[in-house]
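First the structure, in the form of C-alpha cells, and then the observations on it.
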Ligand SMILES: Cc1cc2nc3c(=O)[nH]c(=O)nc-3n(C[C@H](O)[C@H](O)[C@H](O)COP(=O)(O)OP(=O)(O)OC[C@H]3O[C@@H](n4cnc5c(N)ncnc54)[C@H](O)[C@@H]3O)c2cc1C
C-alpha cells in the first residue's frame, strides 16, 4: 500500500530522526531535511581547541527507546554507540555545604536517604509510588492514539483522586518534609522546560522514577547518538538533506504537497511532518496557506517555557571529585523561581546545573584536561527582553566566579577555552519562539490532550513531531511521541 509513496520530515532533532527511521524502516521512502550542518537539534555540538562541547541533552534515560529504533530492522544500537553508565545519577549541593546524591541503584539510594534525612525515607517511597500511579492514570493521554476530551471526563474520578492537576512542587510537598529534598527532586523539571512551582506533576515529574532505571552517557557525547541515528536512517535507504533549511511548504486545498528549501530544491510528498518549532512552522513555512499565519498567532498565545544561559568551558586538569551531573543551588532558590519566572528578572542568586562529561568519558578533552557545561535557567525572551549580546559576558563571569568559589578554586587560571550560549541563540539557531529552550511550558492546560495534536486538524497529511506534541520534552518522551506519529502516518498512508 505504501508503494511509490513518499514522506518528508522537516528537522533532524531527536523527534525528526526517530520518526524518519521508523517511516523508512516501514518501507516508506522518506526524506529528512535539516537546517543546520549537523543532526540532533538541541543536541548540536562544537569542537573547540580540542574539546568537544555538547549543546543540549546530557542525561540519557531509558536507552531501550533508542535500542528499539535499531531493532526495527534487526540492527543493534551497541554496534554503533557505546552507552556508559553514570553513577551517581545527579549530585545536589547547597551553599552551606550540604550534599545529596541521586542513585539509580536501590541500595545506594536507601543509604543516601538514610544519611541525608531518615525521616523522609517513607515519604520518598510514597512519592515514587505516587508518580508511578500518576503515570498509569495518565497513560491514556500520553501514549497510544490521541483521545478526545471526553476521555478526560471519563478519567476525571481517577485524576481527581490522585490530585493530578497539582504542580510538581505541591505534589512533592505532600510527601516530603525536608525542603532541600523537595528542591532536589523537583529541580530536574527545569531541564525539561518546567518551573517546579507550576509544572504539572503529570507531565513533568515522571523522570524521577525513570532515573531509577539508570542514567547513561554515549561515548563521544550525546551528539554521537544523533549522528548514529542519521547514519542508521541512511543505511535503511533514507535520503537526508543537511544544512538546507526548509523555507516553504505548499498546500493545495486540504493537503500539503511540496517542500522548498533555501537552496531552491523542491520535493513533492504524500505526507509531511515538521519537527521544527511550531510557531516557525506555521508562521513562516506555511505562510502562504490561510491556516498558517492564523494558527501561528494562536500558538504564539500559548505559554512558552523558560530559556537557558549556558557557559561551555574547557580547563586544565582532571576533576575526579566533581561528578558527571551536579546542581549548585544558590541560597535563595525560592526567590530565584519567583523572580525568574513570575517577574522576568535575572536574579543575582541562581542555581547552576554543572555537566562534567570528562569524568565519565575523557575523550571529550585533550589529555589531562576537562570539559564542562554550566546551565542556568533564565526567563524566555518574552518575559526577559534584554540584549543578551551585551549582557552575556557579565553573566558568563558570574557563573564562572560561582564555580570558582564553590568547586574549582583556580578556575580562571586553568581556563583554556570558554564561550556562552544565550536565549537569543535558541532563536537564531532553532527558530525557537521567544528563545524558549524547551518550547511549550508543561503546565496542566498544555499537557496530554491539551497539547497540539499529532496531525494538523485542517491540512490532513501534515503532522507534527517532537517536544511540542505529547507526551512533551525530554528524549524518552520525544522518542515515544515519534513512535505514535509514525504509526498514525503509516496507517493514513496505507488507506
Ligand atoms: C541545554 C539542554 C539540556 C537538556 N538536557 C536534557 C537531558 O539531559 N535529557 C533529556 O532527555 N532532555 C534534555 N533536554 C531536552 C531535549 O533536548 C529536547 O526535549 C529534545 O532534544 C527536543 O527534540 P525535538 O526533536 O523536539 O526538537 P529539536 O531538538 O529542537 O530539533 C528541531 C530541529 O528542527 C530543525 N529546524 C528548525 N527549523 C527548520 C527549518 N526551517 N528547516 C529544517 N529544519 C529546521 C532545527 O535545526 C532542529 O535540528 C535538554 C534541552 C536543552 C536545551
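Where a number appears in this text, it was derived from the coordinates with a stated rule and is not lab data. Note that the coordinates shown come from a computational prediction; the quantities given were computed from them, not determined experimentally. Cβ: placed from backbone, ideal geometry, glycine included. Neighbour counts: every protein chain shown.
Some points to look at:
- The calculated FRET efficiency for the pair residue 137 and residue 367, based on their C-beta separation and a Förster distance of 51 Å, comes to about 0.50.
- In plain terms, the bigger the Kirkwood radius, the slower the diffusion; for region 304-430, with that radius from Cα pairs, at 20 °C and 1.002 mPa s, Stokes-Einstein puts D at 141 µm²/s.
- Percent of Cα-Cα distances greater than 23 Å, calculated over region 190-297: 54 percent
- Averaging Cα coordinates gives a centre for region 269-325 and one for region 4-51; these two points are 15 Å apart.
- Residue order for 495, 297, fewest other beta carbons within 10 angstrom first, comes to 495, 297.
- Spatial separation of Cα centroids for region 406-435 and region 446-485, in angstrom: 29 Å
- The value of relative contact order for region 304-430, using C-alpha pairs under 8 Å at least six residues apart, is 38 percent.
- The Cα-based radius of gyration and maximum Cα-Cα distance (Dmax) for the chain are 22.0, 65 Å.
- Legend: calculated FRET efficiency, residue 331 to residue 397, from the Cβ-Cβ distance at R0 = 30 Å, rounded to 0.05, equals 0.95.
- Principal semi-axes of the equivalent ellipsoid, √(5λ) from the alpha carbon gyration tensor of region 376-447, are 29, 15, 11 Å from largest down.
- Residues 433, 162, sorted so that the one with the fewest Cβ neighbours within 10 Å comes first: 162, 433
- Normalising the average separation of contacting C-alpha pairs (under 8 angstrom, six or more residues apart) by the number of residues puts the relative contact order of the chain at 23 percent.
- Region 304-318 residues near the modelled residue 197 label - backbone nitrogen below 18 Å, point 7 Å along Cα→Cβ: 304-308
- Rh by Kirkwood over Cα pairs, then Stokes-Einstein D for region 272-329 at 1.306 mPa s and 10 °C, µm²/s: 103 µm²/s
- Seen from a random direction on average, the alpha-carbon convex hull of region 26-77 projects onto 5.4 square nanometres.
- With 5 Å bins from 0: P(r) over region 1-116, alpha-carbon pairs, percent: 2, 9, 13, 15, 16, 13, 11, 9, 6, 4, 2, 1, 0
- If the convex hull is drawn through the Cα atoms of region 410-495, its volume per residue in Å³: 160 Å³
- Among 353, 333, a tally of other beta-carbon atoms within 10 Å of each Cβ gives an order, fewest to most, of 333, 353.
- For region 52-153, the calculated P(r) over all alpha carbon pairs, in 10 Å bins from 0 to the bin holding the longest distance, is 11, 25, 31, 25, 8, 0 percent.
- Cα-based convex hull volume of region 12-56 per residue, rounded to whole Å³: 71 Å³
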